[in-house]
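A.B. asks: Mind looking over this structure? Questions follow.
The values are calculated or read from the model by the stated rules, or taken from the named source; none is laboratory data. Computed from a predicted model, the values in this text were never measured in an experiment. Cβ placement follows ideal geometry from the backbone for every residue including glycine, while neighbour counts extend to all protein chains displayed.
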Amino acid sequence: MDHVLIVGGTGMLRDTTLWVANQACYVSVIGRTEEKMSLLTSDQSNVNAILVDYRYEEQLMSELQEAQRIYGSFDLVVAWVHNVPGKDPLSVIIKSVNNNKEWSLFHVTGSSANLKDIRDRIKVPSHCRYSQVQLAIW
């Protein structure tokens, strides 16, 4: 893996980010909190911090395009994206991937998400391997 994007990588997916950082050349991480991002990136030279709220779709698209300009296209995207009324951040993320080769998207959802409804609603390119990961409440 050359370049991985992790959305929500400073919170619930923090350990995932750290593991991937040991496997990939570059990891771009989207988070909203500067303090959490600083804690995550302080010891990781190959982690690119992207401080953006994915509800701001134009800013999100711009930041993702810039990360790919610098580090190359994303090979893998792990996205912990919540539903946002009137917004579709997952589609923005998918559209932003500047990659004509095969890439993978792991879409992490909450325990109450309707996986079939989500899958029917999003448009995944034919060269993208799409998987859903649903978190459970114990």
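A.B. asks: Taking segment 55-92 on its own, how many of its residues are in contact (Cβ under 8 Å) with a residue 24 or more places away in the chain and under 24 Å from Glu102 (Cβ atoms)?
C.D. replies: Number satisfying all stated conditions: 23.
A.B. asks: Among the residues that make up segment 100-113, is at least one of them in contact with a strand residue (DSSP E or B) (Cβ under 8 Å, 6 or more places away or on another chain), among the acidic types (Asp, Glu) and closer than 17 Å to Leu5 by Cβ? Please lay out each step first, then the result.
C.D. replies: Here is the first cut: in segment 100-113, the ones in contact with a strand residue (DSSP E or B) (Cβ under 8 Å, 6 or more places away or on another chain) are 102-111, 113.
Now restrict to residues that are among the acidic types (Asp, Glu): 102.
Remaining after also requiring closer than 17 Å to Leu5 by Cβ: 102.
Yes: one or more hits.
A.B. asks: Would you check which residues across segment 106-117 are modelled with pLDDT of 85 or more and surrounded by 16 or more Cβ atoms within 10 Å (Cβ to Cβ) and list them?
C.D. replies: Matches in segment 106-117: Phe106, His107, Val108, Thr109.
A.B. asks: If you don't mind, there's one more thing I want to ask. For segment 105-122, enumerate the residues that are in a loop (DSSP other than H, G, I, E, B) and closer than 15 Å to Ala79 by Cβ. Full working, then the answer.
C.D. replies: From segment 105-122, those in a loop (DSSP other than H, G, I, E, B) are 110-114, 122; that's our starting set.
Once the filter is applied, which keeps residues that are in a loop (DSSP other than H, G, I, E, B) and closer than 15 Å to Ala79 by Cβ, segment 105-122 yields Gly110, Ala113, Ile122.
A.B. asks: Now for a different question. Being β-branched (Val, Ile, Thr), at pLDDT 95 or above and assigned to a helix (DSSP H, G or I), is that true of even one residue in segment 32-54?
C.D. replies: No; the residues of segment 32-54 include none that is β-branched (Val, Ile, Thr), at pLDDT 95 or above and assigned to a helix (DSSP H, G or I).
A.B. asks: Looking for something charged (D, E, K, R) and out of contact with any Lys or Arg (no Cβ under 9 Å at 6 or more places or on another chain) - is there at least one such residue anywhere in segment 99-113?
C.D. replies: In the first step, residues of segment 99-113 are kept if they are charged (D, E, K, R); the result is 101-102.
With out of contact with any Lys or Arg (no Cβ under 9 Å at 6 or more places or on another chain) added as a condition, the list becomes 101.
Yes, because at least one residue in segment 99-113 is charged (D, E, K, R) and out of contact with any Lys or Arg (no Cβ under 9 Å at 6 or more places or on another chain).
A.B. asks: Let me ask something else. Considering each residue of segment 67-102, count those that are of a type in the set (Gly, Ala, Ser), farther than 22 Å from Thr17 by Cβ and part of a helix (DSSP H, G or I), and give that number. Let's see the steps before the verdict.
C.D. replies: Filtering segment 67-102 down to residues of a type in the set (Gly, Ala, Ser) leaves 67, 72-73, 79, 86, 91, 96.
Narrowing the set further to residues that are farther than 22 Å from Thr17 by Cβ leaves 86, 91.
Applying the additional criterion that residues be part of a helix (DSSP H, G or I) yields 91.
Of the residues in segment 67-102, 1 are of a type in the set (Gly, Ala, Ser), farther than 22 Å from Thr17 by Cβ and part of a helix (DSSP H, G or I).
A.B. asks: Follow-up question, since we're still on this one. Just to be sure, is Leu76 buried (at least 19 other Cβ atoms within 10 Å of the Cβ) and under 19 Å from Val133 (Cα atoms)?
C.D. replies: Working: buried (at least 19 other Cβ atoms within 10 Å of the Cβ): yes; under 19 Å from Val133 (Cα atoms): yes.
It is true that Leu76 is buried (at least 19 other Cβ atoms within 10 Å of the Cβ) and under 19 Å from Val133 (Cα atoms).
A.B. asks: Looking at Ala49, Ala136, can you tell me which residue is touching a residue at least 12 places away in the same chain (Cβ under 8 Å), small (Gly, Ala, Ser) and surrounded by 15 or more Cβ atoms within 10 Å (Cβ to Cβ)? Write out each step before concluding.
C.D. replies: Details: Ala136 fails: surrounded by 15 or more Cβ atoms within 10 Å (Cβ to Cβ).
Answer to the check: Ala49.
A.B. asks: Condition (residue is among the hydroxyl-bearing types (Ser, Thr, Tyr), surrounded by 19 or more Cβ atoms within 10 Å (Cβ to Cβ) and not in a strand (DSSP E or B)) applied to segment 56-66: is it met by at least one residue? Spell out the reasoning first.
C.D. replies: Applying the first criterion (among the hydroxyl-bearing types (Ser, Thr, Tyr)) to segment 56-66 yields 56, 62.
Then keep just the ones that are surrounded by 19 or more Cβ atoms within 10 Å (Cβ to Cβ); that gives none.
So far as segment 56-66 goes, no, none of its residues is among the hydroxyl-bearing types (Ser, Thr, Tyr), surrounded by 19 or more Cβ atoms within 10 Å (Cβ to Cβ) and not in a strand (DSSP E or B).
A.B. asks: Considering every residue within segment 6-15, establish whether at least one is touching a helix residue (DSSP H, G or I) at 6+ places or on another chain (Cβ under 8 Å), surrounded by fewer than 19 Cβ atoms within 10 Å (Cβ to Cβ) and at pLDDT below 95. Give the derivation first.
C.D. replies: Taking segment 6-15 first, the residues touching a helix residue (DSSP H, G or I) at 6+ places or on another chain (Cβ under 8 Å) are 6-7, 9-11, 14.
Imposing the further condition that a residue be surrounded by fewer than 19 Cβ atoms within 10 Å (Cβ to Cβ) reduces the set to 11, 14.
Still in the list and also at pLDDT below 95: 11, 14.
So far as segment 6-15 goes, yes, one or more of its residues are touching a helix residue (DSSP H, G or I) at 6+ places or on another chain (Cβ under 8 Å), surrounded by fewer than 19 Cβ atoms within 10 Å (Cβ to Cβ) and at pLDDT below 95.
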